[in-house]
1. Please indicate, with yes or no, whether at least one residue in region 344-357 is crowded, with 16+ Cβ neighbours inside 10 Å and within 16 Å of the ligand (Cβ to nearest atom).
2. If the Cβ limit is 9 Å and pairs must be 6+ apart or interchain, which residue in region 64-84 that is without any contact (Cβ under 8 Å) to a residue 24 or more places away in the chain pairs with which residue that is assigned to a loop (DSSP other than H, G, I, E, B)?
3. Residues that are over 29 Å from residue 493 (Cα atoms): find the helices (runs of 4 or more DSSP H) completely inside region 380-444 holding 3 or more of those.
4. Conditions first: (1) touching a residue at least 40 places away in the same chain (Cβ under 8 Å); (2) more than 30 Å from residue 37 (Cβ to Cβ). Residue 180 passes all but one, so which condition is the exception?
5. Only one of these is assigned to a strand (DSSP E or B) and either modelled with pLDDT under 95 or over 19 Å from residue 21 (Cβ atoms) (or both): 98, 85. Name it.
6. Of the residues 299, 267, 287, which is closer than 21 Å to residue 373 by Cβ, in contact (Cβ under 8 Å) with a residue 40 or more places away in the chain and not in a helix (DSSP H, G or I)?
7. Can you tell me which of (1) within 16 Å of the ligand (Cβ to nearest atom); (2) touching a strand residue (DSSP E or B) at 6+ places or on another chain (Cβ under 7 Å); (3) over 20 Å from residue 447 (Cβ atoms) is the one residue 360 doesn't meet?
8. Does residue 459 satisfy the criteria of being within 23 Å of residue 305 (Cα to Cα), under 20 Å from the mean Cα position of the chain (by Cα) and surrounded by fewer than 21 Cβ atoms within 10 Å (Cβ to Cβ)?
Ligand code: ACM
C-alpha cells in the first residue's frame with residue numbers, strides 16, 4: 001500500500017513537473033488542468049464583441065503563419081471553438097486577461113481589447129510549442145489569470161549608429177508583441193546619422209542620413225514618413241506605442257552637418273555635437289521638426305534625449321548669442337543654459353499635447369510632473385533615480401547594468417560594451433530586482449516600468465543585432481511583466497530552451513547561453 005502511494009505521489013510530481021507553464025513572460029497565475037484541446041482547420045474563432053474582430057483576424061493570421069492551419073472566423077456558440085470576449089474581470093488592470101483551455105473549447109477574456117490580445121499571445125505561445133499531429137495542434141489545458149506588473153514594457157532601438165530598415169524593425173515588433181511588450185522607443189537621430197524624413201528640412205536626411213558608425217560615406221539611409229506611418233500602424237495592431245527620440249541639444253552632429261546654421265559647436269572628440277541654444281532660429285527649426293514628428297506618432301510622447309551635453313558644449317562659452325542669452329535670462333552656467341533649452345523645447349511639445357521624455361540628466365529639472373517621464377540609465381548613479389522620484393517624476397528604469405543590450409553577454413564575446421569589466425548575461429538580467437534600489441515604499445507607483453536599450457555601435461548586421469537581442473529579450477519581458485515573487489531562474493531557463501527552438505525555426509540568429517560556441521559571434525564587417 002505504502003509503495004503504491006509513493007508511486008502515485010511520484011507520478012503526480014512528475015506530471016506537475018512536466019506541466020511547467022512554457023509561456024514567457026511567466027503568467028502571474030498559471031495552473032495545469034487535465035486534458036488537451038485540439039486546434040485544426042475546422043476550429044472556429046468566435047468573437048463575442050464586434051470590436052474584437054481585429055484580434056480574431058490577428059489570431060487567424062498567426063496560426064496560419066506558424067502552423068499552416070486556416071481557422072475560420074464565425075459567430076454563434078458552436079463547440080469546440082476559441083471564444084474571444086470582453087468582460088469585466090476582477091483584476092482592475094486594463095491589460096489583464098483570463099485564458100481558459102479545456103478539451104471542449106478555449107475562452108479568452110479581457111476587460112479591454114488589449115487584455116484579450118495578451119490572452120491570445122499566451123495562446124500562441126502554447127500553440128507554437130505544441131505538437132502538430134494529424135488531428136491538429138494538441139494544446140495542454142491550462143487555467144491562466146494574468147496581468148502585467150508594469151505599464152511600461154519597453155525596448156529602445158538605435159538606428160542612427162546603424163540602420164536596419166522596415167523589415168527588420170517589423171520583425172522586432174513581432175517578437176516584442178509575442179513577449180507582451182508595449183513601448184518601442186525609436187532612437188532616430190544622433191551623431192552618425194539622421195533617420196527620420198522631415199519635409200520642411202529635406203537636408204536632414206539627404207545630407208544627415210549619409211554615413212553610419214562604421215562607414216562615414218555609406219549612402220543615405222532613413223525612414224520616409226510613409227514608412228514610419230506603416231511601422232507605427234503595424235505596432236499599433238500589436239498594442240505597441242512607438243515613441244521617437246529626437247536627441248537634443250547634444251548628439252546633434254548629423255543634423256548640424258545638414259544645417260550648420262543651428263550648430264552650437266562641439267569638442268575635439270565630438271565636433272559639432274550640440275545645437276546652438278543662443279539663437280531664436282534654433283528653437284524655430286527644432287519646433288518645426290517636432291511638429292512634423294508629432295504628426296507621425298500618435299503616442300503623444302516624444303523623447304528629447306538631453307544626455308551627455310557636456311561632451312561637446314564648451315563652445316557655448318565663447319558664443320556671443322549664448323552669452324547674451326545667459327545675461328538676459330540670468331543663467332549662471334552652462335547647466336542652466338541646458339535647462340533653459342530643454343524647458344523651451346519641452347514647451348513646444350506641450351502645446352502639441354505631447355509628453356516630454358528625457359534621460360536622467362533631467363532628474364532635477366522643474367518640468368511639470370504630469371507631462372514628463374525620466375529614464376534612469378546611469379546605473380552607477382542611483383542618486384539620479386532617487387532624485388527623479390523625490391522630485392515626483394514618473395520613471396522608466398533602464399540602467400546600463402543590466403539593461404544595455406549593446407553590452408556583451410559572456411566573457412569571451414569580443415564586440416560590444418562592458419562597464420568596469422562587468423557585462424549583461426541573461427541571469428543577471430533575470431535577477432534584476434527593484435528591492436535594492438533607492439525607491440521609497442510610497443514611490444513604487446512612480447515607477448512606470450522597464451526597458452532595455454539596444455545601442456548599435458557594434459551591430460552593423462542583422463545577425464549581430466539578433467545575437468544581442470535573443471534570448472535576452474525573454475528575461476527583459478519577465479522583469480517587466482511577471483511579479484518578482486513569481487520569478488524563478490531555474491524554471492525560466494527551461495522555458496528559454498523552448499524559445500531557442502522557435503528562433504531556430506524562424507531563422508533568428510540567437511546567442512545560446514547554454515552552449516555559446518553553438519552560435520559564433522558575428523564578426524564586425526558582415527553584411528546587413
Ligand atoms: C545614453 O546611454 N547616453 C542615454
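1. Within region 344-357, one or more residues are crowded, with 16+ Cβ neighbours inside 10 Å and within 16 Å of the ligand (Cβ to nearest atom).
2. Close Cβ pairs satisfying both conditions: 64/70; 64/71.
3. 382-390
4. (2)
5. Just a single option satisfies the conditions, and that option is 85.
6. 299
7. The single condition residue 360 does not satisfy is (3).
8. no
The values are calculated or read from the model by the stated rules, or taken from the named source; none is laboratory data. Everything quoted here is computed from the prediction, not taken from an experiment. All Cβ positions, even for glycine, are placed from backbone atoms using ideal geometry, and neighbour counts span all protein chains on display.
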